[in-house]
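What follows is a single structure, written as structure tokens, with notes after it.
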Amino acid sequence: MIDGTTIRSLRDDIASGKRRAADVCRDALTRIASLDPKLHAFNTVVGERALERAHAIDRDPDKRRHAPLAGVPIAIKDNICTAGVLTTASSRMLEHYVPPYDATAVSRIEAAGAIVIGKTNCDEFAMGSSNETSAFGPVRNPWALDRIPGGTSGGSAAAVAAGFAPAALGSDTGGSIRQPAAMCGVVGLKPTYGRVSRYGLIAHASSLDQIGPITRTAYDAALVLNALSGFDAADATTSRETVPDFTAALDGAARGLRVGVPRELVADGIDDEVAAAFGTALDALAARGATLVDIALPHAKHAIPVYYLVATAEASSNLARYDGVRYGFRGADAKELRSMYAHTRAQGFGPEVKRRIMLGTYVLSAGYYDAYYVKAQQVRTLIRRDYDAAFELVDAVAMPTSPTAAFRIGERAVEPLQMYLADVFTVSANLAGLPAVSVPCGFTRGRLPIGLQLTGRHFDEGTILRLADAYERDTNWWREEPALQGHD
Amino acid sequence: MAPFTRDDVAAIAALAHLALDDAEIDLFARQLGEILSYANQVQQVDTTGVPPTERVPTDHVTDRDDRLQPSLDRDTVLAAAPDANVDRGFFRVPRVIG
């Protein structure tokens, strides 16, 4: 079985020869076949391709023993390009799109020995907070099938929570790795902007997007981040900053680390059970030796409007490429070029994507550019400065990942503004380019997972992973598994 | 802020190359108005002398050597197009001038 397994233990078993990579892969595929019809975490499963590659690992003793992710099954969000494998961004626009190249993140984890098992369902073009905007239907939360898994990397988070794979890649533009990780009871890390190449990530908002891991533990997130990180000539925004071994700092100690708590920000509009779990998590960090410090992030309350102005502006520009000419869907029967564009886009995009293209086009249009786009980018500077000031005092900032646990499918889908408010604690890390991790920190009475978010300094994923790992050593939340029954 | 009219929505849709139907125009007129009136809270923030964020600093070097690099194969790329003449190396589109 693959459920409950961490990368760390799986790696040891495969390296020592205790388990064969092909058997691990087959177990994962069997579990997916049995349970995924209930969850719809995957858009595409690549069983044969995965097994071939797993056999290749088994035949290569050197790689089997030494490649850091040798034989580890991994699920890839369907907005990350995989050469020769459908990559749809959960949109009709790319329903039949087969990329001619791999994203750098994919080629790097495969070079590290990981086995891609499939492409996970997500919100269309990674726009949403619940996975309900997928053109192929929502993902269901493994902890409660009538609830959303979070978004936009909901399929990736559900796949790890359901034990389909010990790791998945997601992408995070405003919380899309961390929020679904929190709602599915797993670990999700958004690296520092520039840490991981975006080459081959289907662009949503280029100054905010970042690829990162979803795993069961902080240690496993560190292992995957090791493989993903570093300069890439194909993405000019990647950093040449040294990439440390992120597992090296995970020694269980939190002593001497100062954790900032923006009390005012987290006092408003959060669910009582989330607030209680957050308070208990802070106590646990303090018990491990961390010092809690009250801090202020006075402009963070404006992060949602700033985010939706900046992200939609960038999205409207990025999505201009879907014009029915070079790849993807083309609308039928247009007699003339402009009408072909307009009908292709009207038929190929779903409602949330159209809404954001409209908003972004408006925000960038003559007469409104200064009032909305430039103003939002100025407030973004103030949000970044708040964090700069906070990081003079503390080593990490703690918040709940989401103000509520997973809501019911359909509950907020009608009103976009209500949905946007779900991102209140996650978007500011993207606006400031900071790394942030969500780690399981408890359950509601209704047995829905709750996440603790830790945000760190630029390129200091090490500290937040160290805190998350130390926290995991005192708590068993990450060991909990949803009760899923398939037809084995 | 004034609410969005149907004409406002139609004008933005034209800029965005989106052929919206009547129901979508009505829906977006209401929803974009609501979202923007919420987003308008940024106007209350004093940003005198604050530079807009143009990029998140990542200490990167964007220059590279000007060397020939392999790129995607032309036929492979054209094969993904909705309509292409692979032999002659063209994407095909409907007529441009009506």
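The values are calculated or read from the model by the stated rules, or taken from the named source; none is laboratory data. Only a predicted model underlies this, so the values are computations on that prediction, with no experimental measurement involved. All Cβ positions, glycine included, derive from the backbone under ideal geometry; neighbour counts span all protein chains shown. Keep in mind that these areas ignore ligands, DNA and RNA; they rest on the heavy atoms of the full protein, side chains included. Shrake-Rupley method; radii C 1.70, N 1.55, O 1.52, S 1.80 Å.
Side notes on the structure shown:
- The set of residues in segment A:293-321 that are part of a loop (DSSP other than H, G, I, E, B) and surrounded by fewer than 17 Cβ atoms within 10 Å (Cβ to Cβ) comprises A:A296, A:P298.
- Condition check for A:R356 on (1) among the charged types (D, E, K, R); (2) more than 7 Å from chain B (Cβ to nearest Cβ); (3) surrounded by fewer than 21 Cβ atoms within 10 Å (Cβ to Cβ): one failure, at (3).
- Number of positions in segment B:15-52 that are exposed (fewer than 15 other Cβ atoms within 10 Å of the Cβ), within 21 Å of A:A366 (Cα to Cα) and more than 8 Å from chain A (Cβ to nearest Cβ): 1
- Close Cβ contacts (under 6 Å, 6 or more residues apart or on different chains) running from residues in segment A:227-248 that are within 14 Å of chain B (Cβ to nearest Cβ) to residues that are part of a loop (DSSP other than H, G, I, E, B) and small (G, A, S) comprise A:D232/A:S197; A:D235/A:S197; A:T237/A:G194; A:T238/A:G194; A:T238/A:S197; A:S239/A:G194; A:V243/A:G230.
- Just one residue in the set A:V98, A:V139 is assigned to a loop (DSSP other than H, G, I, E, B), modelled with pLDDT of 95 or more and surrounded by fewer than 18 Cβ atoms within 10 Å (Cβ to Cβ); that residue is A:V98.
- Taking each residue of segment B:75-92 that is of a type in the set (V, I, T) and looking for partners that are assigned to a loop (DSSP other than H, G, I, E, B) and open to solvent by less than 80 Å² (accessible area, probe 1.4 Å) with beta-carbon atoms closer than 6 Å, six or more apart or interchain, yields B:T76/A:P100.
- Hits in segment B:2-13 (condition: open to solvent by 70 Å² or more (accessible area, probe 1.4 Å) and within 10 Å of another protein chain (Cβ to nearest Cβ)): none
- Selection status of B:R55, modelled with pLDDT under 95 and either farther than 30 Å from B:D87 by Cβ or within 10 Å of chain A (Cβ to nearest Cβ) (or both): yes
- Restricting attention to segment A:14-44, the residues that are farther than 20 Å from A:Q485 by Cα and not in a helix (DSSP H, G or I) add up to 6.
- Being within 28 Å of A:S134 (Cβ to Cβ), open to solvent by 10 Å² or more (accessible area, probe 1.4 Å), among the hydroxyl-bearing types (S, T, Y) and not in a helix (DSSP H, G or I) is a condition met by at least one residue of segment A:441-450.
- Of all the numbered requirements in (1) at pLDDT below 95; (2) open to solvent by 50 Å² or more (accessible area, probe 1.4 Å), A:K38 misses one, and that requirement is (1).
- Subset of segment B:58-82 (residues that are among the β-branched types (V, I, T) and modelled with pLDDT under 90): B:T58, B:V61, B:T62
- Screening A:M340 against (1) out of contact with any Ser or Thr (no Cβ under 9 Å at 6 or more places or on another chain); (2) open to solvent by 10 Å² or more (accessible area, probe 1.4 Å); (3) farther than 19 Å from A:A135 by Cα leaves a single unmet condition, (2).
- Of all the criteria given as (1) at the interface with another protein chain (Cβ under 7 Å from one of its Cβ atoms); (2) touching a residue at least 12 places away in the same chain (Cβ under 8 Å); (3) of a type outside the set (S, T, N, Q), the one not satisfied by A:R326 is (2).
- Which listed residue is at pLDDT 95 or above, of a type outside the set (F, W, Y) and under 21 Å from the mean Cα position of the chain (by Cα), from A:A422, A:A432: A:A432
- Some residue of segment A:47-69 being at pLDDT 95 or above, in contact with a His (Cβ under 8 Å, 6 or more places away or on another chain) and surrounded by fewer than 16 Cβ atoms within 10 Å (Cβ to Cβ): no
- Some residue of segment A:155-163 being in a strand (DSSP E or B), over 15 Å from A:D423 (Cβ atoms) and in contact with a helix residue (DSSP H, G or I) (Cβ under 7 Å, 6 or more places away or on another chain): no
- Filter pass, A:A75 being within 19 Å of A:V106 (Cα to Cα), outside any helix (DSSP H, G or I), at pLDDT 95 or above and not acidic (D, E): yes
- Residues that are open to solvent by 10 Å² or more (accessible area, probe 1.4 Å) and either part of a loop (DSSP other than H, G, I, E, B) or of a type in the set (V, I, T) (or both), drawn from segment A:86-95: A:L86, A:E95
- When each of A:S438, A:S428, A:S402 is tested for being part of a helix (DSSP H, G or I) and touching a residue at least 12 places away in the same chain (Cβ under 8 Å), the lone residue that passes is A:S428.
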